[in-house]
1. In the range 93-136, whose amide N lies under 13 Å from the spot 7 Å out along Cα-to-Cβ of Leu76? List them in ranges.
2. Find the relative contact order for the range 18-110 and round it to a whole percent, using C-alpha pairs within less than 8 Å whose residues are 6+ positions apart.
3. Between Leu182 and Leu62, what is the FRET efficiency for a Förster distance of 41 Å, r being their Cβ-Cβ separation, to the nearest 0.05?
4. What is the chain's relative contact order, in percent, from Cα pairs under 8 angstrom and six or more apart in sequence?
5. Let's test this: bin the Cα-Cα distances of the chain at 10 Å from zero up to the farthest pair and state each bin's percent.
6. Divide by every residue of the chain the summed helix terms, -39500 (n - 2.57) for each DSSP H run of at least 4, and state the resulting mean residue ellipticity at 222 nm, rounded to the nearest 500 deg cm²/dmol.
7. Please identify the GluC sites (Glu not before Pro) of the range 57-147 that satisfy two criteria: DSSP loop assignment and at most 13 other Cβ atoms within 10 Å. Which are they?
8. So which DSSP H runs in the chain come out at 20 Å plus along the axis (Cα) with average Kyte-Doolittle of at least -1.0?
Amino acid sequence: MIYFCAMQQKIVLIGGPGTGKTTIINELIKKGYYCMPEVSREVTLKAKEDGIDQLFLTEPLLFSKMLLEGRENQYLKATDLKKDIVFFDRGIPDVHAYMDYFKTEYPDYFIEKCKKYEYTKIFHFSPWEEIHTTDNERYESFVESVQIDKFLVKAYSDLGYNLINVPFGSIEERTNFILNSLTSE
């Protein structure tokens, strides 16, 4: 059974760490769009509160299970909303893409959930060295971001998604590109 509302567009922003996804999500929020935040920061901060500095590095499968659950919950919440468009800062397939990047085995249900919960469109943010930064929750270097991006592209492509590449540009230009892509059909 696929949980997909034909009227509602579920739009995912993907790309390696530090490519501008969250900045654009924040801009979309300012414009009045409903957006689901990146779950991994929440999971990472909760683990730090519990005394685990880098949960993904110490227990990658547990971290990924928590992410998968969080992203599934976001999807279900979005389905219940009376919104025509819901944007997601990363989607369910990101979880197994990262697991593949780190060469960590995971149960089959990670892929099954990717097939069960479908998104309408996927906007891809390519690695962009000029804007890449690290912080307490994003520790990946630019080189790592480029490698992770390859796994993300593969994960979504393998599931049959057509990725729409967001060009480099100002926050306004990138946001308008996405919004124009939604209305140009």
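Just so you know, all these numbers are worked out from the coordinates, no wet-lab data involved. Remember, predicted model here, so these are calculated numbers, not experimental data. For neighbour counting, all protein chains shown are included, and Cβ atoms are generated from backbone atoms with ideal geometry for every residue, glycine included.
1. Under 13 Å, as judged by backbone N against the label point of Leu76, lie 117 of the range 93-136.
2. Values: 74 pairs, mean separation 31.3, N = 93.
So the answer I get is 34 percent.
3. Working: r = 36 Å, r/R0 = 0.88.
Calculated value: 0.70.
4. Numbers: 269 pairs, mean separation 65.1, N = 185.
35 percent.
5. Bins of 10 Å from zero give 9, 38, 39, 13, 0 percent of pairs.
6. On the way: 8 runs with 93 residues, N = 185.
The helix contribution divided over the chain gives -15500 deg cm²/dmol.
7. On the way: sites: Glu69, Glu72, Glu105, Glu112, Glu118, Glu129, Glu130, Glu137, Glu140, Glu144; in loops: Glu105, Glu118, Glu129, Glu130, Glu137, Glu140.
In loop regions of the range 57-147 (DSSP not H, G, I, E or B), the sparsely surrounded GluC sites (Glu not before Pro) are Glu105, Glu129, Glu130.
8. Working: long enough: 60-80 (30 Å, -0.43); 142-158 (24 Å, 0.21).
Helices meeting the criterion: 60-80, 142-158.
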